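J.: Here it is, the structure in full.
The values are calculated or read from the model by the stated rules, or taken from the named source; none is laboratory data. Keep in mind the model is a prediction, meaning the values are calculated, not measured. Neighbour counts are summed over all protein chains in view; Cβ atoms, including those assigned to glycine, are modelled from backbone coordinates with ideal geometry. SASA here: full protein model, heavy atoms, side chains in, ligands and nucleic acids out. Shrake-Rupley method; radii C 1.70, N 1.55, O 1.52, S 1.80 Å.
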Amino acid sequence: MTMLRHMLATRFHLTVHHETREAPVLALVVDKRGSKLAPLGQGEDPVFFQSSGDRLTLSIGSSIQDLVRHLNSRTGSAALGRPVVDRTGLQGLYRIRLTFGVERDSDGKGGRLDIDYPSVLISQLGLRLEPTKAAIDILVIDSAERPKPEE
């Protein structure tokens, strides 16, 4: 990352700074019926992947921070549209796995995942996403220039 920052600063004269701003977020909270998270067993490997004809189970990690990182890294149709922040108050290590339905193409060779994070989080983990506001770290671009052709 240091080399990338240096290259951007040198080639594009890029200058940035961080600010904390109040912004719309999704707070990950424990559902009113309680958490369904199972503690990670002694010596248990949190990495897990399983696929069957119409289901796909992914291991997200073993901490709530792993889950938040996963949710914040989603792009495209799986993106949640807002940053996710942890407001569960849960500590420790858990078996965090999510199972999604797979919609197969008519030829049976391809398909797509039916990703509905809000529903899956409630039904499988006992966690839900609540729209709210929170102070978050923002990277602000102060200036950038087009690179000059090298001679």
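J.: In square nanometres and to one decimal, what's the mean projected area of the convex hull around the Cα atoms of the chain?
T.: 14.2
J.: At a 1.4 Å probe, what is the % contribution of carbon and sulfur to the accessible area of the chain?
T.: Using a 1.4 Å probe with all protein chains present, the chain comes out at 52 percent carbon and sulfur.
J.: On a full-extension model of 0.36 nm per residue, what is the gain between T132 and E103, subtracting their alpha-carbon distance, rounded to one decimal in nm?
T.: Residue separation times 0.36 nm, minus the Cα-Cα distance, leaves 7.2 nm.
J.: With a cut-off of 8 Å between alpha carbons and a minimum separation of six or more residues, what is the relative contact order of the chain in percent?
T.: Normalised by residue count, the contact order of the chain is 41 percent.
J.: Another question, if that's okay. Ranked from highest to lowest mean number of other Cβ atoms within 10 Å per residue, what is the order of the peptides 59-70, 32-43, 81-92?
T.: Descending packing order for the listed peptides: 59-70, 81-92, 32-43.
J.: Using a Förster distance of 30 Å, how high is the FRET efficiency between Q42 and Q65, based on the Cβ-Cβ distance and rounded to 0.05?
T.: For R0 = 30 Å, the calculated efficiency reads 0.90.
J.: To continue, here is another question. Counting only DSSP beta bridges with both residues in the chain, tell me the antiparallel percent, nearest 5.
T.: Just about 90 percent of them are antiparallel.
J.: Using a 1.4 Å probe and counting only protein heavy atoms, arrange H13, H18 so the residue with the most accessible area comes first. List each step's numbers first, then the result.
T.: On the way: H13 90, H18 125 Å².
Accessible-area ranking of H13, H18, largest first: H18, H13.
J.: Which of these, S123, S77, S106, has the largest mean-square fluctuation under a Gaussian network model of the chain (Cα springs below 10 Å)?
T.: S106
J.: Can you give the helix-only mean residue ellipticity at 222 nm for the chain, where every DSSP H stretch with n ≥ 4 adds -39500 (n - 2.57) and the sum goes over all residues, rounded to the nearest 500 deg cm²/dmol?
T.: Taken over the chain, the calculation gives -4500 deg cm²/dmol.
J.: Using a 1.4 angstrom probe, figure out how much accessible area the chain has per residue, in square angstrom, rounded to the nearest whole.
T.: Per-residue accessible area for the chain comes out at 67 Å².
J.: Give me the angle, in degrees from 0 to 90, between the Cα long axis of helix 2-12 and the longest principal axis of the Cα atoms of the chain, rounded to the nearest 10.
T.: Taking Cα atoms only, the helix is inclined about 50 degrees.
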